[in-house]
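What follows is one structure encoded as structure tokens, with my remarks underneath.
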Amino acid sequence: MTVPALDAFIAEATARSRLQADAADCVLALAPLMLDLIDQARTFLQPQHYRSSAAGYTRNLIFDAPDASLSLYAIVWLPGQWTPVHDHGSWGVVGVVEGVLEERSYVRLSPDRGADEEIDLARGGTVLLRHGAVTSFVPNPDHIHVTGVPMERSRAVSLHLYGRTMSNFNIYDVAARTRRRIEVAHNES
Ligand SMILES: [Fe+2]
């Protein structure tokens, strides 16, 4: 099946990301593409991209670059489903296709010396992202956050473009002041 809007997005996102060595420039170049991609979501999202699970939010792979330089997921959030506190070690651009996605940020207070202990985080603000909204983040310093949907809201579906295959990320234990790397599962498209 041909999906022109998705193919064009992948081609343009690949080209723009290769031109931008700096992650902050990269998300500036890619955020408008995501804004347009949301409008086209119905032309390429298939039933398998809407898979969900009572066990937790569900990551459905849409595209994974052969050189692992870019990946795109449709994530489905049922009411009450949240990520752990995490970062990505990569830039990312997120667009909301359905529902309201909530992102609660954390601010790192202790200097990052690469250690996995003695990490002090303070809770920051929250953003509520409706259908059509685009947000982005860059690493170094890492953007640490919790994303999800409160129990009282309905399902949310969002598109997530990252600067690498997002098969693992750091999760933080705020009380223990630690972080560790975990592998994260996804459904193949
Ligand atoms: Fe995230």
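What to note about this one:
- Whether region 82-189 is rounded, prolate or oblate, judged on the alpha carbon gyration tensor where a/c under 1.5 counts as rounded: prolate
- Distance between the modelled labels on ALA31 and ARG16, one decimal in nanometres: 1.1 nm (7 Å Cα→Cβ projection).
- Tensor-based shape of region 10-93 (alpha-carbon gyration tensor, a/c under 1.5 rounded, otherwise prolate or oblate): prolate
- Per-residue Cβ neighbour rank within 10 angstrom, fewest leading, ASP39, ASP142: ASP39, ASP142
- The ranking of ARG42, ARG179, ARG155 by Cβ neighbour count inside 10 Å, starting from the fewest, reads ARG42, ARG155, ARG179.
- Kirkwood Rh, angstrom, the chain [1 / mean 1/r, Cα pairs]: 16.9 Å
- Between ALA65 and ALA24, the FRET efficiency from the beta-carbon distance, with R0 = 22 Å, is close to 0.60.
- Length added when fully stretched, LEU128-GLU152, from 0.36 nm per residue minus Cα-Cα: 7.3 nm
- Shape call, region 77-145: gyration tensor on alpha carbons, a/c limit 1.5: prolate
- Highest-fluctuation residue, PRO79, PRO139, PRO66 considered, GNM on the chain with Cα pairs under 10 Å: PRO66
- Computed over region 73-189, relative contact order equals 41 percent, with contacts defined as Cα pairs under 8 Å that lie 6+ residues apart.
- The angle separating the long axis of helix 23-39 from the principal Cα axis of greatest extent in the chain is about 50 degrees.
- Max mean-square fluctuation residue, GNM over the chain, Cα-Cα springs under 10 Å, options MET34, MET151, MET166: MET151
- Under the simplified labelling scheme, the ASP7-ARG113 pair shows an inter-label distance of 5.3 nm, with each label point 7 Å from Cα along Cα→Cβ.
Each value in this text was obtained by applying a stated rule to the coordinates, not by laboratory testing. Quick caveat: nothing in here was measured; it's all calculated off a predicted structure. Here Cβ is always computed from backbone atoms with ideal geometry, including for glycine, and neighbour counts include all displayed protein chains.
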